[in-house]
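**Student:** Got a structure for you, written out below as structure tokens; questions coming shortly.
The values are calculated or read from the model by the stated rules, or taken from the named source; none is laboratory data. Just so you know, these numbers come straight off a predicted model, no measurement behind them. Note that we place each Cβ from the backbone using ideal geometry, even for glycine, and neighbour counts take in every protein chain shown. Ligands, DNA and RNA are stripped out before the accessible areas are found, and what is left, the full protein with its side chains, is counted by its heavy atoms. Shrake-Rupley method; radii C 1.70, N 1.55, O 1.52, S 1.80 Å.
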Protein chains: 4
Amino acid sequence: MILNEAIDEIVDNIKGVSSEIDSERIEEMLDMLINANNVFIIGLGRSGLVARAFAMRLMHLGISVYVVGETITPAIYADDCLLAISGSGETSFIISTAKISKKRGAKIIAVTSYEDSTLGGLSDLIMPIKGRTKIDTEKDYIKRQINGRHQPLSPLGTLFEVSTFIFLEGVIAELMHKMGKTEEDLKARHTVLE
Amino acid sequence: MILNEAIDEIVDNIKGVSSEIDSERIEEMLDMLINANNVFIIGLGRSGLVARAFAMRLMHLGISVYVVGETITPAIYADDCLLAISGSGETSFIISTAKISKKRGAKIIAVTSYEDSTLGGLSDLIMPIKGRTKIDTEKDYIKRQINGRHQPLSPLGTLFEVSTFIFLEGVIAELMHKMGKTEEDLKARHTVLE
Amino acid sequence: MILNEAIDEIVDNIKGVSSEIDSERIEEMLDMLINANNVFIIGLGRSGLVARAFAMRLMHLGISVYVVGETITPAIYADDCLLAISGSGETSFIISTAKISKKRGAKIIAVTSYEDSTLGGLSDLIMPIKGRTKIDTEKDYIKRQINGRHQPLSPLGTLFEVSTFIFLEGVIAELMHKMGKTEEDLKARHTVLE
Amino acid sequence: MILNEAIDEIVDNIKGVSSEIDSERIEEMLDMLINANNVFIIGLGRSGLVARAFAMRLMHLGISVYVVGETITPAIYADDCLLAISGSGETSFIISTAKISKKRGAKIIAVTSYEDSTLGGLSDLIMPIKGRTKIDTEKDYIKRQINGRHQPLSPLGTLFEVSTFIFLEGVIAELMHKMGKTEEDLKARHTVLE
């Protein structure tokens, strides 16, 4: 079925991401997440859902984390870290958030398909996740949509989001190891009120 | 790195899901989604994020879809369909939503690791996604958390959510094909205001 | 108690808003909401919560309405209407959304304390709601916060949001009357799944 | 206009709430909010929007607060406090959340029109806010909607939500005073990333 082909394509992309992981950058990312006073996570659209899935796990690990746009998100400061997820690295709302954060002294981690994007240029650390293979002439999320040019809806269109979701799960596994957390340690923070 | 091992484990689970896909059930699922007047999607926690990612795609396809709990979600009726995502199939809020929907005559699709769960028993169609491999003695999300027993935070705990995310992407690819939609047809509905 | 004084202050502001309501503008607003193919509502922070409360009511009235930023919000078109809530009329994300909407031909209603704001200038209809009495030197939400200048946290700071909430409730009452809706007619659309 | 009448009706209800405020209960409420390790806020539908508006203000005041259902909400413990907003005091999801919280030893504050409701019975402190004047035969939110009986959509239907919104703004004013916070002190926590 087309469904199986789509899954194969997604799996291939993930394997490619996995094979190209740079362990030094991962170590740096872990340090930034662990050492930040507060971690802020941002993404829009489906990347925003991936962002929140990662934030939930960081919270379980006892890291103080906020999702940009949720009710209780406070101001960002110089000892904080912003992790921004944007396939194109050109989403305007994310760029403006990154600029504000940088100006205030916070560290920035970019998760993007384009190291040389505007977001990449603003960041202290780039985690490249391939998947957005064709560069749009217009990379800004809003402007692209106005003009009717958006990412493919076929599985190809979701390679970045899915691969990022899985990559960040792997980061959680690394974090647990590095922080010496067992599952027993972590359970206590999982919400009970849902 | 642990990160690569975690990704391998996730990939293996997805491949297992892919190899066991029942094409007749898929056809039935597509028909239910296409023929429903409104499709309602529900999930809690990280499954809720996966639910929303799928809802966004259905909206792009022109299917009338609502996420339970968002601002403009209307009442459910007999010609509607509820798609409920719950690894354990025992999340109490989802069970009560499914019961209400069933009583009102709506069709129910369950995406769960457990066909013989309470949610499974309420559903017209079950899409089994393995991943939640160890049955907890207490499967209800709230009660489990109260008692400090929850899913592992290691990648194992996320196998269901990630596999469901990817499976539902495959469903979108099938839907596009069945509905004869090209990407050009679909672009127009993507939000421009974000 | 201070609490009673705060409530008195809020009540005074609401009465002021009520006494200055321009019935012609209200008629025009009702027509725009009723005649739009889709109504889009936007607000940030606490104004965003007021926006969603209004959207929920419009949905109950059977008006096709979407909240900018929620999962299933589609593209905006020339036969649609954007209702934007911004006390200062200078919130940058709202300005950029209004510009996009205007470019695509949609009608814009501004609910703001400042008729001569940027948002006001972009709009087809302005509903002035006083409450933001002191003009900040920096009216943009993001930039203002960066620089540590924001609205007072005392009740004065909330006069705009509370008054807008109540004003929009009054608009719903007018809409019900104009659309000839009885409560019996409307009940059916209220969510049952929460 | 009907709009002005609706506003008058809302104002009358608020004045009634203000005149009946019990200063001892307010003091107790302030103490519970200040002394809690974490404050959790819950509400559904439009009461949920009011809940979040209050949570945002508590965050500005430096109180550690979480909204039930948002991404990073952790587990509740005995030194925490749950503030639950429910007009009827019978919303089933809120009741079950209150029961869990009580079992775990957390303090509960109910904001409701019905002191003798199920929620009232579970609570350590009740803040009565009139507005829901007619007791439905079925007070549960979900079940009521299934059966097509819900609160009036006219302004009367919103008296509880609007009055609670304003009442809680007054509580913030009291809290600022009691905590000796000036606006200067508080500014720093307002989000800059929106």
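**Student:** Do we find a residue being in a helix (DSSP H, G or I), over 26 Å from C:L82 (Cβ atoms) and open to solvent by less than 20 Å² (accessible area, probe 1.4 Å) anywhere in region C:16-37?
**Tutor:** Yes, region C:16-37 contains at least one residue that is in a helix (DSSP H, G or I), over 26 Å from C:L82 (Cβ atoms) and open to solvent by less than 20 Å² (accessible area, probe 1.4 Å).
**Student:** Looking only at region B:1-60, how many residues end up being aromatic (F, W, Y) and closer than 15 Å to A:L3 by Cβ?
**Tutor:** Residues flagged as aromatic (F, W, Y) and closer than 15 Å to A:L3 by Cβ within region B:1-60 amount to 1.
**Student:** Can you find a residue in region B:41-49 that is charged (D, E, K, R), within 13 Å of chain A (Cβ to nearest Cβ) and touching a residue at least 12 places away in the same chain (Cβ under 8 Å)?
**Tutor:** There is at least one residue in region B:41-49 that is charged (D, E, K, R), within 13 Å of chain A (Cβ to nearest Cβ) and touching a residue at least 12 places away in the same chain (Cβ under 8 Å).
**Student:** Here is a follow-up. Please specify each residue of region B:1-18 satisfying the condition of being more than 7 Å from every other protein chain (Cβ to nearest Cβ) and small (G, A, S).
**Tutor:** Residue satisfying the conditions is B:G16 alone.
**Student:** Return the residue satisfying two criteria in turn: it lies in region C:55-72 and is open to solvent by less than 10 Å² (accessible area, probe 1.4 Å) and not β-branched (V, I, T), and of such residues it is nearest to the chain's Cα centre (by Cα).
**Tutor:** For region C:55-72, the residue satisfying everything is C:A55.
**Student:** Here is a further query. Which of the residues spanning region D:60-76 are within 21 Å of A:H190 (Cα to Cα) and of a type in the set (A, V, I, L, M)?
**Tutor:** Answer for region D:60-76, where residues must be within 21 Å of A:H190 (Cα to Cα) and of a type in the set (A, V, I, L, M): D:I63, D:V65, D:V67, D:V68, D:I72, D:A75, D:I76.
**Student:** Please list, ordered by first then second residue, the pairs with beta carbon atoms under 8 Å, 6 or more apart or interchain, first in region A:98-109 and at negative phi, second among the polar types (S, T, N, Q).
**Tutor:** If the second residue must be among the polar types (S, T, N, Q), the pairs left are A:A98/A:S123; A:I108/A:S101; A:I108/A:S123; A:I109/A:S123.
**Student:** Additional query: Just to be sure before I move on: is B:A36 more than 9 Å from chain A (Cβ to nearest Cβ) and among the aliphatic types (A, V, I, L, M) in the structure I sent?
**Tutor:** Judged against the criteria, B:A36 is a match.
**Student:** Quick one: how many residues across region A:33-70 are among the β-branched types (V, I, T) and in contact with an Asp or Glu (Cβ under 6 Å, 6 or more places away or on another chain)?
**Tutor:** Counting residues in region A:33-70 that are among the β-branched types (V, I, T) and in contact with an Asp or Glu (Cβ under 6 Å, 6 or more places away or on another chain) gives 1.
**Student:** For region D:27-34, check the following and say yes or no: at least one residue is touching a residue at least 24 places away in the same chain (Cβ under 8 Å), touching a Lys or Arg at 6+ places or on another chain (Cβ under 6 Å) and over 16 Å from D:E169 (Cα atoms).
**Tutor:** Within region D:27-34, one or more residues are touching a residue at least 24 places away in the same chain (Cβ under 8 Å), touching a Lys or Arg at 6+ places or on another chain (Cβ under 6 Å) and over 16 Å from D:E169 (Cα atoms).
**Student:** If you scan region A:21-49, which residues turn out to be of a type in the set (D, E) and over 17 Å from the mean Cα position of the chain (by Cα)?
**Tutor:** A:E24
**Student:** Here is a list of conditions, (1) crowded, with 19+ Cβ neighbours inside 10 Å; (2) modelled with pLDDT of 95 or more; (3) hydrophobic (A, V, I, L, M, F, W, C); (4) outside any helix (DSSP H, G or I), and B:A75 meets all of them except one; can you say which number that is?
**Tutor:** Tallying (1) crowded, with 19+ Cβ neighbours inside 10 Å; (2) modelled with pLDDT of 95 or more; (3) hydrophobic (A, V, I, L, M, F, W, C); (4) outside any helix (DSSP H, G or I), B:A75 fails exactly one: (2).
**Student:** Then there's this: Looking at D:F93, is it at pLDDT 95 or above and at the interface with another protein chain (Cβ under 7 Å from one of its Cβ atoms)?
**Tutor:** No.
**Student:** Still on this structure, please answer the following. Search region B:78-89 for residues being among the small types (G, A, S) and buried (at least 24 other Cβ atoms within 10 Å of the Cβ), and hand back the single one that is farthest from the other protein chains (Cβ to nearest Cβ).
**Tutor:** B:G89
**Student:** Taking interchain pairs and intrachain pairs at least six residues apart, which have beta carbon atoms under 6 angstrom, with the first residue in region D:54-75 and facing chain A (nearest Cβ under 7 Å) and the second open to solvent by 10 Å² or more (accessible area, probe 1.4 Å) and aromatic (F, W, Y)?
**Tutor:** Taking only residues 6 or more apart or on different chains, the pairs are D:T73/D:Y66.
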